[in-house]
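Inspection log for the structure reproduced underneath, given as structure tokens.
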């Protein structure tokens, strides 16, 4: 199985990336939350991948971190009625940190805001995934670049960054932000501040 791909970013859209490697161009389907973290066209990029094999197609899905890819696998392997396209749609609306936080908290309203997710699917996400999520697991903010190819954050640092991001999102919601807007603001704040940003720094940047 292809677990990652590293090459030159030839083109990108909010839902796909073309990565050139050894003279071949690989089309990789990505969620918006990964597209936000891609470097510029012509830069070296590394994505963590999952391949879906079917009789008539072989589709490559890519993610900014191994944690994001593993969450995608949880969705398609353990949630009834969730396939690769719907999983990508879910991960395009909210960060993994917010999704995991909502699942642990049983937040049906937040989960149901993702495209294609109704109350029943949101309930299945909670029931079928809650026991499979490790404490504080998730992904940190940052740009996917050649630097990440040589230095991958540890699971511990990724989990701490995920928790700080989730806390920042909750704070913004308490201030009156819509859940999806709060999540997007914190994601962009994390991109600018990096994985070591504190919850307070994330909130201040998101409010700026």
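The values are calculated or read from the model by the stated rules, or taken from the named source; none is laboratory data. Source: prediction; values computed, not measured. For neighbour counting, all protein chains shown are included, and Cβ atoms are generated from backbone atoms with ideal geometry for every residue, glycine included.
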The number of residues in the stretch 45-73 that are within 19 Å of residue 194 (Cβ to Cβ) and out of contact with any strand residue (DSSP E or B) (no Cβ under 6 Å at 6 or more places or on another chain) is 4
Per the filter on the stretch 68-85, residues assigned to a helix (DSSP H, G or I) and touching a helix residue (DSSP H, G or I) at 6+ places or on another chain (Cβ under 8 Å) are 68, 71, 72, 74, 75, 76, 78, 84
Note to self: If I filter the stretch 104-114 for residues that are part of a helix (DSSP H, G or I), under 15 Å from the mean Cα position of the chain (by Cα), buried (at least 22 other Cβ atoms within 10 Å of the Cβ) and at pLDDT 85 or above, do I get at least one hit?
What the structure shows: yes
Residues of the stretch 194-203 being surrounded by fewer than 20 Cβ atoms within 10 Å (Cβ to Cβ) and at pLDDT 85 or above, in sequence order, are 198, 199, 200, 201
Restricted to the stretch 122-140 and to residues being over 17 Å from the mean Cα position of the chain (by Cα) and at pLDDT 90 or above, the residue surrounded by the most Cβ atoms within 10 Å (Cβ to Cβ) is 122
Q: Would you check if residue 90 is part of a helix (DSSP H, G or I) and either within 30 Å of residue 39 (Cβ to Cβ) or modelled with pLDDT under 90 (or both)?
A: yes
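So which of 70, 56 ends up being over 12 Å from the mean Cα position of the chain (by Cα) and surrounded by fewer than 22 Cβ atoms within 10 Å (Cβ to Cβ)?
The unique qualifying residue is 56.
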Reported set for the stretch 72-108 where residues are closer than 19 Å to residue 14 by Cβ and in contact (Cβ under 8 Å) with a residue 60 or more places away in the chain is 88, 91, 92, 93, 94, 95, 96, 98
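Identify, from the list 160, 178, the residue that is under 13 Å from residue 97 (Cα atoms), modelled with pLDDT under 85 and surrounded by fewer than 23 Cβ atoms within 10 Å (Cβ to Cβ). Before you say what the answer is, go through the steps one by one.
Values: 178 fails: under 13 Å from residue 97 (Cα atoms).
Going through 160, 178 in turn, the sole match is 160.
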